[in-house]
Amino acid sequence: CSIAGPGLVCTDSHLALCCVLNSPLSTVLWKFIQGRKSSRRGVLLIGLCDSGKTLLFVRLLTGNYRNTQTSITDSSAVYKVSNDKGSSVTLIDLPGHESLRLQFLEKFKAAARAIVFVVDSVAFQREVKDVAEFLYQVLTDCTLLRNAPPLLIACNKQDVTMAKSAKLIQQQLEKEL
């Protein structure tokens, strides 16, 4: 795996597990997607409701924290990568509500250059079955299987006392899948 650094665990060439803290998020994101040459420009931020997708979206675009609320629609913006080539991708934040997430995934999956699956490390224990079910739906989707965009599992909220570790989340997801 070409991704290395603190808090990153790679399980195969298309799946990585990451703890999201105050690390250089743009560097992690760029290393994650740069190895894949593709005309697809979308980086999908997906996960269950309240996992932190929108805050991650805002933080990547502005570098700032902002109060967010549950999304009922998608948000997208061009993200300029700070490298010598001046490349850019389109970050797409998809709603995580159970009744909306598959509908929005269906709409944007063909454009996915990469997928960031955001997991709430604090609520993980009570949401493990729902997280695993949604992850399974993503991993077995025909379009995503054909296009094979890299998938990063971001274990968010690691700074909270009761957060589960990335290793535990990985083990639990492997067990559920």
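The values are calculated or read from the model by the stated rules, or taken from the named source; none is laboratory data. Computed from a predicted structure; not experimentally measured. Glycine also receives a Cβ, built like all others from the backbone with ideal geometry; neighbour counts cover every protein chain displayed. Calculation scope for accessible area: heavy atoms of the full protein, side chains included, ligands and nucleic acids excluded. Shrake-Rupley method; radii C 1.70, N 1.55, O 1.52, S 1.80 Å.
Here are the numbers for this structure:
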read-out	value
Area of E98 that stays accessible when all protein chains are in place (1.4 Å probe, Å², to 10)	140 Å²
Separation between Cα centres of the range 69-114 and the range 138-174, rounded to whole Å	16 Å
Per residue accessible area of the range 132-177, 1.4 Å probe, in Å²	54 Å²
Two-site label geometry, E176 and T161: point separation in nm, points 7 Å out along Cα→Cβ	2.5 nm
Hits among aspartates and glutamates - C-alpha to C-alpha of K175 under 17 Å, sequence gap 8 or more where chains match	D12, E127, D130, E133
Links that overshoot a 32 Å alpha carbon limit, given the list K80/K157; K85/K164; K109/K129	K85/K164
